[in-house]
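Worksheet for the structure shown next.
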Amino acid sequence: MAVTTQNIYPGVLTWLGVGREAIAGVPVLPAITHPLDQGAFEPEDTPKFLQDKAIRGAMTDLFYETLGVLSGTFSFGGPNFLDSHGYFMDNLMGDLSTTSASIATPCTSATVLGVGATQATLTGAVPGAIVVGSTVQVGTALTANTPACYSNEVVIITAITPASTLTFANNPLRFTHATGTFAGSQIFNLATGPYTHRFSSLNSPLGYAGFYGAQPPTHTFTDVTNIVNTFTNPTYGTVLTSTYGARQYASACLKQMDFSGNAEQILGVKMSGDSWLSQLAGTAPTNLTTNSRPIPNWNSTVSVLGTQIGQIGEFSFSFKRTTQVYWTIQGTQTPLVIARGPMNVDGTLNWDPITTEQPLDMMLLNAQGPLVVTTTNTGIPNSGTPFTLTFTCSQAANIKSKINRSKALLGFTNTFEGIANATDVGGSAGLSPGSLTLINATPTY
C-alpha cells in the first residue's frame, strides 16, 4: 500500500553544486558538490514588487503590485570542506595564485602572456609528457608563499594544436607572464600536488578573464531539490517544466565569508551574497560529492605579534566585500552587473583564559602587528585528504578589548581589523587587508 498519494521532497536529498562561469551570468554545470547544514542552505529569489498606492476614493491604499526588477540572494553555512570552499574564496577575493609541490618538463612561451589568455605558443615543440588533461604550472619553481611565487598559477591543458601550441580554455590566465626563464625555471612546467593556493584582494585593473574593473570570477550555484513543477492555470499560464528538479543562480557574487573557530568544535563557515534570479537547469546536474572531512579547531595554532599564543579559546575571521546590484533601463529585469567593491577583514580572538593583560595592552597601545591562525588535519587519525588553511592579517589593529567574567577563569575578547598592507597581497600586487592560504589536492579553481 502506498504511504502517500502526494509527491514529497526530503530536505536531506537536496544539494548545492558550484561551478565557475566563463562569462558572468551564463550558467554552468557544477564542478563539485559543496556540503552544507540543511537549515543554513538558503538561496532565495527576491524580485521587487512595485506598489500602486494612488488614492482613488476607497478606504484602502494598495491597489496593485507590479513586478519590477529581478535578482536573487543566498546564504549558506556549515562545516569546512577545504576542497570546495576554495571556489567561494576565489569568488570573494579574486586574486588567486597557485604553486604546485613539484614541477618537471619545463618549456617556454614564445610571447608574453597577458591576463585572460587561454592559449600559448611555445618556443619549441610541446614536450611529450604534456598531454591533453595535464596539470601545468605557469610560473616559477620557487617555494610557495614567497613574493616571487604570488603570480604562479595552474591550468589544465584542453588541447594541443598544432604541436607547439597549448590551450587551456577553462583556465584563463589571471596574471601577466613574461617569456624566457626566471630563477632557473621556464614558464610552463608539468605540475604535481599538493597545491598551495593563496587568495588575496584583486588589485590589477584587468580582472578575471581579462575584463577591466578588478572583478573576481562569478559562479553558478545549482540548487538541486528534485521538485517538479506542475502548476497550470488558464489565467496565469503554465510554469516551465522542471525536468531535472534543479534551479541555477547565475552570476553569484559573495559579499561575506565568516569563519568561526571554537576549540570544542569543527571550523564553521557561513557565506552570503547576491545573484541573478534563478532559472531552471537545462541540463541534468551531477552530484560530485567528495569524501573530504572537516577540520577540528583544536588542531590550530595562533600567532600574535610574532609569538605563538596558547590561551586562545575561540577565533573568528570575517572577509567582507561591498556589492552593488545595477539595473538599467534597457527592456530587461535582469541586472546589468553585480559589482564588487572594497574588501575588508575583521574578527575576534577570545583569550580564554588569560595569564596577562596583553590583550588589553595591545588595544591601549594601538599595537598593529601580524596575526596568523593556521588550522590543519595533519596528524589527526583517519582525517582523510590533507588540508591546511592559514588566515593572515599582517597588520591587525585591536580596536576593542572586553574582559569576560562569565566563566570560572577571567578572559578577554579582542576585536581586530585588518589594515591594508603590502605583505598580504598576491600576484596583482597593490595592498590587501589579509589573505587566505589553502593547501590541498585541488589543482585549479
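Taken together, the values in this text are just the output of simple stated rules run on the coordinates, not laboratory data. Everything numeric in this text was worked out from a predicted model, so none of it was measured. Positions of Cβ are generated from backbone atoms using ideal geometry, with glycine treated the same way; all protein chains shown enter the neighbour counts.
Using the 2.2 N^0.38 Å rule of thumb for compact globular proteins, work out how segment 166-317 stacks up: its C-alpha Rg over that value, please. Don't skip to the answer; put the middle values down first.
Numbers: Rg = 22.3 Å, N = 152, 2.2 N^0.38 = 14.8 Å.
Normalised Rg, Cα atoms only: 1.50.
For segment 339-445, what percent of Cα pairs sit more than 23 Å apart? List each step's numbers first, then the result.
On the way: 2515 of 5671 pairs.
Across segment 339-445, Cα pairs with separations above 23 Å total 44 percent.
Two decimals is fine: what is log10 I(q)/I(0) at q = 0.13, 0.23, 0.26 Å⁻¹ for segment 247-323, from a Debye sum with one equal scatterer on every Cα and no solvent?
At q = 0.13, 0.23, 0.26 Å⁻¹ the computed log10 ratios are -0.64, -1.09, -1.16.
From Cα pairs below 8 angstrom and at least 6 apart in sequence, can you work out the relative contact order of the chain, rounded to a whole percent?
On the way: 1238 pairs, mean separation 79.8, N = 445.
Computed value for the chain: 18 percent relative contact order.
Residue 161 to residue 40: extension gain in nm, 0.36 nm per residue of separation minus the Cα-Cα distance?
Numbers: separation 121, 0.36 × 121 = 43.56 nm, distance 4.64 nm.
Going from the current span to full extension adds 38.9 nm.
Just rank 351, 327, 15, fewest to most, by other beta-carbon atoms within 10 angstrom.
Going from least to most buried by this count: 327, 15, 351.
For segment 153-242, what's the relative contact order in percent, using C-alpha pairs closer than 8 Å and at least 6 residues apart? Don't skip to the end; give the middle numbers.
Working: 72 pairs, mean separation 12.8, N = 90.
Value for segment 153-242: 14 percent.
Rank-order 271-278, 29-36 by packing density, defined as the average count of other C-beta atoms within 10 Å over each peptide's residues, highest first.
Sorting 271-278, 29-36 by mean packing, highest first, produces 271-278, 29-36.
What whole number of Å gives the distance from the Cα centroid of segment 72-107 to the Cα centroid of segment 250-282?
Centre-to-centre distance over Cα atoms comes out at 13 Å.
Distance in nm between label sites at residue 374 and residue 283, each 7 Å beyond Cα in the beta-carbon direction?
The modelled label-to-label distance comes out at 4.1 nm.
Considering the dipole of segment 282-425 built from charges on the beta carbon (Lys and Arg +1, Asp and Glu -1) around the Cα centre, which of 342, 412, 388 is farthest to its positive end?
Highest projection toward the positive end goes to 342.
Collect residues whose amide H, placed 1.01 Å from N in the peptide plane, falls under 5 Å from the amide H of residue 229; neighbours closer than 5 in sequence don't count.
Amide H neighbours of residue 229: 242.
Rank these for me by crowding, 56, 174, going from fewest to most other beta carbons within 10 Å. Write down the numbers at each step before the final one.
Details: 56 9, 174 30.
Result, fewest neighbours first: 56, 174.
Using a cut-off of 10 Å between beta-carbons, work out the net charge of the residues near residue 316 (Lys and Arg +1, Asp and Glu -1, residue 316 not included). Don't skip to the end; give the middle numbers.
Details: positive: none; negative: 258, 314, 346.
Once all neighbours under 10 Å are counted, the net charge is -3.
Just the number: Rg to Rh for the chain, Cα atoms, Kirkwood Rh, two decimals. Don't jump to the answer; show the numbers that get you there.
Working: Rg = 24.5 Å, Rh = 24.0 Å.
That ratio equals 1.02.
As a test of the formula, what do you get for the chain when each DSSP H run with n ≥ 4 contributes -39,500 (n - 2.57) and the sum is divided by the residue count, at 222 nm and rounded to the nearest 500 deg cm²/dmol? Numbers along the way, then the final one.
Numbers: 2 runs with 16 residues, N = 445.
So the calculated ellipticity at 222 nm is -1000 deg cm²/dmol.
List, in order, the whole-Hz ³J(HN,Hα) value for each residue of segment 390-406 obtained from phi through the Karplus relation with A = 6.51, B = -1.76, C = 1.60 and θ = phi - 60°; use x for Gly and Pro.
Using θ = phi - 60°, the values come out as 10, 9, 10, 10, 6, 9, 9, 9, 7, 9, 7, 9, 10, 6, 10, 10, 7 Hz.
Taking the Cβ-Cβ separation of residue 405 and residue 361 as r and a Förster radius of 30 Å, what is the calculated FRET efficiency to the nearest 0.05? If you can, show how the numbers build up before the last one.
Details: r = 19 Å, r/R0 = 0.63.
About 0.95, to the nearest 0.05.
For a test of understanding, tell me how many lysine pairs in the chain have Cα atoms under 22 Å apart, given they are 8 or more places apart or on different chains. Mind dumping the intermediate values first?
On the way: 48/255; 255/270; 255/320; 270/320; 320/400.
Number of lysine pairs found: 5.
Which of 392, 146, 176 ends up with the largest GNM mean-square fluctuation for the chain, with Cα atoms connected below 10 Å?
146
Enumerate the calculated ³J(HN,Hα) couplings along segment 144-149 in order (Karplus 6.51 cos²θ - 1.76 cosθ + 1.60, θ = phi - 60°), each rounded to whole Hz, writing x wherever the residue is Gly or Pro.
3J(HN,Hα) across segment 144-149, in whole Hz: 4, 6, 10, x, 5, 9.
Test of understanding: ordering 143, 123, 118 by Cβ neighbours within 10 Å, fewest first, what list do you get?
Numbers: 143 10, 123 14, 118 19.
The most exposed by this proxy come first: 143, 123, 118.
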